[in-house]
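A short reminder: the numbers here are calculations on the coordinates, not readings from a lab. Remember, predicted model here, so these are calculated numbers, not experimental data. Every residue, glycine as well, gets a Cβ built from its backbone with ideal geometry; the counts of neighbours run over all protein chains shown.
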2 protein chains.
Amino acid sequence: MLTVEEARERILAHFAPRESEEVPLTEALGRVLARDAIAHEELPPFANSAMDGYALRAEDTRGATAEMPARLRLVGEVPAGRVYAGTVQPGEVVRILTGAPLPAGADAVLQQELVTVAEDTVALAGEVSLGNNVRAAGEDVRPGALLVRAGTELGPAEIALLAALGLHPISVIRRPRVAILATGDELAPLGTQPRPGQIRESNSPYLAAAVTRAGAEPWSLGVAPDRADELRARLASADTADLILTSGGVSVGDYDLVKRILSEQGHMDFWRVAMRPGKPLAFGLLGTTPLLGLPGNPVSAAVTFELFGRPAIRRMLGCARVERPTVRAVLEGEDMPRGDRRHYVRARLRSRDGTLMARATGAQGSHLISSLQGAAGYLVIEEGEGMVCAGSVVPVLLLNDALPWDDA
Amino acid sequence: MLTVEEARERILAHFAPRESEEVPLTEALGRVLARDAIAHEELPPFANSAMDGYALRAEDTRGATAEMPARLRLVGEVPAGRVYAGTVQPGEVVRILTGAPLPAGADAVLQQELVTVAEDTVALAGEVSLGNNVRAAGEDVRPGALLVRAGTELGPAEIALLAALGLHPISVIRRPRVAILATGDELAPLGTQPRPGQIRESNSPYLAAAVTRAGAEPWSLGVAPDRADELRARLASADTADLILTSGGVSVGDYDLVKRILSEQGHMDFWRVAMRPGKPLAFGLLGTTPLLGLPGNPVSAAVTFELFGRPAIRRMLGCARVERPTVRAVLEGEDMPRGDRRHYVRARLRSRDGTLMARATGAQGSHLISSLQGAAGYLVIEEGEGMVCAGSVVPVLLLNDALPWDDA
C-alpha cells in the first residue's frame, strides 16, 4: 500500500503550470496570477492631503498660540484632481481638499476645523508640524515593490492593489479543463428517473462543483454504463482535457470494466492507498492525458478528490502551495478509534474563546452523502491502536484557505 | 454618532429576500437556496451490498467454523444496477456486486475474500451476522428529512445531496444587481492614464469583486466626475438596481456635490458612525432604490462595505444570518491603542497548536491599499482608554465563513 504522501507525489510529478492569458482586472476574481506583479509607480503617486484644510509651510506657524495666532494669506485653492500652478511662498496658504496634491512649497496641511478665515486671511491658533495631514508619495507602495506573488489567487484586495498601480489587464494562468466521467450501470444521470436497482448519480455534480471551486473548468462527460464501446468513446472524446477524473470501477481485486479499458488504453497504475475512506485509486496516462480514477462511493470520491485531484489542479494553476492548510484543534464529542489505516473524518470546526475545536459530523460510512455537509475540514486520525480521546489535540486538514499557516 | 449596530439595523430594515428562480443543479454552486429542501425518497433507495461478495441468509451460517464450513448453493448473480428476480431460499447464496440491491430473502453479505467457491458450491468458514455488509434503505436520509435549509449557500456537499435525492432543478434566490459608482474628479478609471493630480481608481474594481463574493451581480456605473449633470445621469441609469453603492463624496461637514445630488434626488441620511476607519456613511432611497454611500478612502470603503453592504446583500439573498462569524483570538505582535471610536484593524489569523492568533497586517492608514492584502479578518478594538496588550483575547470579525460559530 502507498501512503497518501507517496501517492500524491507520484501524481503531482505529472503536472506543471499551464500557459498564461491576459484578462481585464474586472474578470480576474478567483484567477491565479501568472507572474509576480511588480509596482512600476509610487502609491500614492504624489504627496496629497488627508483632510479638507489649508496647505502651508510649517515654519510659518512657529510660535502661534490662541493668544497670538499666526495670520497667513489665502492665495488660492486646489481641489482633488487638479494641480496648484504656483508655489506657496512664506506667509501664504492654499485651500486644499482631501486627496489633492500638496502644492509646491507647502509641507503640511491644517484641517479646516482648526482655523478662522476672514476674507483672505487665515488665522491659526497653534503650531503645525512638518508633514501634518500629508500622505507622502510612495507611502503605500514604492516602485519595484512586489505587490502580489505569482501563484496567488486574486481576491478583492489584490484586485484593488493591482488597479491602484495600473496593472490592467493582468496575466493569469489559464483555467485547466477537467473532464469528469461517472461510471456504472447502477447510476441514473441527473434529471433521469432511476430504473429498479439504480441510484441517482451524485458524484459528477459534486466533482464539477469541487473542480470549479479549485479554480478549474469542469467538463462533464456524463455517466457511462458498463459497456466497453461506450467507455472507450467517452474517454476518447476527452483527449484535449488537462485532466480526466473518473469515479467508480477501480477497486483493486475485482474485474471492473473500467480497469480493463484503462489498462488497455493507457499506462495506468491501480493503487491501494493507506487511507480511509477511499482506498482504491487509479492514476496514469490515457494517451498523453492524465487520468485520476476515484472510488465510486460518494465520500471516498470527495476525500480522494481533495487529497489528490485538487492538488493536481492547483499545480496546473501554478499555485505555490497545492495543499490546503492543516491546523491543530482540540477534539470534542466522541472519542475516535484508531485503525489499520489513516482515517480522514469529516469534521465541524468552531472557535471556543480562542481555541479551535473539531467534532466529527456524525456517522462516517463512505456511502453517507449527508455526512459531507457542514464539514469545514477532515480530522486526521493516524493509524494505530486504541482511541484518540476527546480533549486531545489533533491535526485538521481545512477545506478552505481561511487560516493561512500550517501548525500541524 | 450612530453605533455600527444601529447603522446596520437602520439599513437592513430596507431589505427583504428577492424572488426565487429555478436553476439546474449544475449551475447552483454558490447560489442561495430559496426554500427548505426536503427529501421525498429514501437514500439509499434500497438495501444494497457494501462489498463484492455473496448475499445469503445469516441463519444458514449458524455454527460454521473453519473445520465445519457451511456449504451453500450458488444460484445466481446480481450486478449493480440490476434486481435479482427470485428469492434466496434456505441453503442458497447469490453472487452480489457492490451497490447491487440485496435480493429478497437475503439478509447479509459475506465479502468474497472469506469464501471458497467450487463449481456451484460456496463454502464459509465462519458465522455471518444479520445485516453484515448491508447498507440499509434510508440509512443516509429518510423521506421527509430536511436536507438543506432555505438561506444556505450551496457548496459541493449540498449539491451532491440534492442530486442524490433528485431535487433538480432547484429553487434559488435571484442574484441581486448591485450598481457601483465611484465619484471624484481625481479618479482615473481603470485602463486610463491619470492626468496630473489624478490617482488610479481602485474602489469600483474592489467593490465589484466583493459584491460577486457576497453572491450578487455587480453592475459598474463607472467613475463620475464632480459634475451635477453627470452624477444625476449615472444614478438615474441605475434605477432598476437592487442596491446602488457609491464611493466618495459623503463626508460630513464638507460641501460635496454627491451629497447635494443625493439629497435633492432622494431621502438620504448622512451619518457619522462610531468606527474607524470609515466614519462618514450615507444611506437612503433614490426614488425607490436603496443607496449606500461609502467613504472614498479605499480601506474605509472596504470596511464599510463589509459591515453594511454585504449584510444588505445577504439579506436580499434570504440568508439566515447576514453577518460574518466573529471569533475570539489571542492578539500577537504590537499592543493596540484604544481610541475614541471602535477600531476595525485588518489582521492575519493563524492557529498555533489549537489556539487562534491574530496580528495586524501592518500600518492601518485608511489610504493604504496594500494593508488589505492577507487580512483574514478584522480585529475589533473597542473604544476606550489605554492599550489592548499582546496576549489578550480579542474578537475578530472573519472575512470568510470558515468557522461557522460565533464565540465572541
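Some notes on this structure:
- The mean sequence distance of close C-alpha pairs (under 8 Å, at least 6 residues apart), as a share of the length of chain B, puts its relative contact order at 16 percent.
- Protection proxy ranking, peptides B:180-186, A:60-66, A:138-144, average beta carbon neighbours within 10 Å, highest first: B:180-186, A:138-144, A:60-66
- Taking the number of Cβ atoms within 10 Å of each Cβ as an exposure proxy, the fewest-first ranking of B:Phe46, A:Phe308, B:Phe305 is B:Phe46, A:Phe308, B:Phe305.
- Nearby lysines by direct alpha-carbon distance to A:Lys279 (threshold 19 angstrom, same-chain neighbours under 8 apart not counted): A:Lys259
- Considering only the stretch A:48-135, percent of DSSP beta bridges that pair antiparallel, nearest 5: 75
- Most fluctuating residue given options B:Gly293, B:Gly339, B:Gly151, as computed from a GNM of chain B linking Cα atoms under 10 Å: B:Gly339
- With a 10 Å cut-off around each Cβ of A:23-33, the average count of Cβ atoms from other chains is 3.
- Phi-based couplings in Hz for the stretch B:256-270 (Karplus 6.51, -1.76, 1.60; Gly and Pro marked x): 4, 4, 4, 4, 5, 5, 4, 5, 6, 9, x, 9, 10, 10, 10
- Whole-Hz Karplus values for the stretch B:78-90 come out as 10, x, 4, x, 10, 10, 6, 6, x, 10, 6, 8, x Hz, taken residue by residue from phi with 6.51 cos²θ - 1.76 cosθ + 1.60 and θ = phi - 60°; glycine and proline positions read x.
- Whole-Å distance, taken between Cα centres, linking the stretch A:34-76 and the stretch A:1-33: 47
- Close amide H contacts of B:Ala70 (hydrogens built in the peptide plane, cut-off under 5 Å, sequence separation of 5 or more or a different chain): B:Thr65, B:Leu124, B:Gly126.
- Structural descriptor for the stretch A:148-284: relative contact order 23 percent, calculated from alpha carbon pairs under 8 angstrom and at least 6 residues apart.
- Note on B:352-362: average number of Cβ atoms from other chains within 10 Å of each residue's Cβ is 5.
- Crossing angle, helix B:203-213 versus chain B [Cα axis fit, 0-90 degrees, rounded to tens]: 20
- Alpha-carbon centroids, the stretch A:152-214 and the stretch B:175-220: separation in whole Å: 27
- Summarising the amide proton neighbourhood of A:Thr121: residues at separation of 5 or more, or on other chains, whose placed amide H is nearer than 5 Å comprise A:Leu74.
- For B:Gly30, the point set 7 Å out from Cα toward Cβ sits 0.3 nm from its twins in the other copies, listed from shortest up.
- Percent of beta bridges antiparallel (DSSP, the stretch A:326-398, rounded to nearest 5): 90
- For the residues of A:200-213, the average number of beta carbons from a partner chain within 10 Å of their own beta carbon is 6.
- For the stretch B:326-398: rounded, prolate or oblate by the Cα gyration tensor [a/c cutoff 1.5]: oblate
- Phi-derived couplings, Karplus 6.51 cos²θ - 1.76 cosθ + 1.60 at θ = phi - 60°, listed residue by residue for the stretch A:286-292: 9, x, 10, 8, x, 10, 10 Hz, with x used for Gly and Pro.
- Put simply, the amide H of B:Glu323, placed in the peptide plane, has no neighbours under 5 Å, leaving out anything fewer than 5 places away on its chain.
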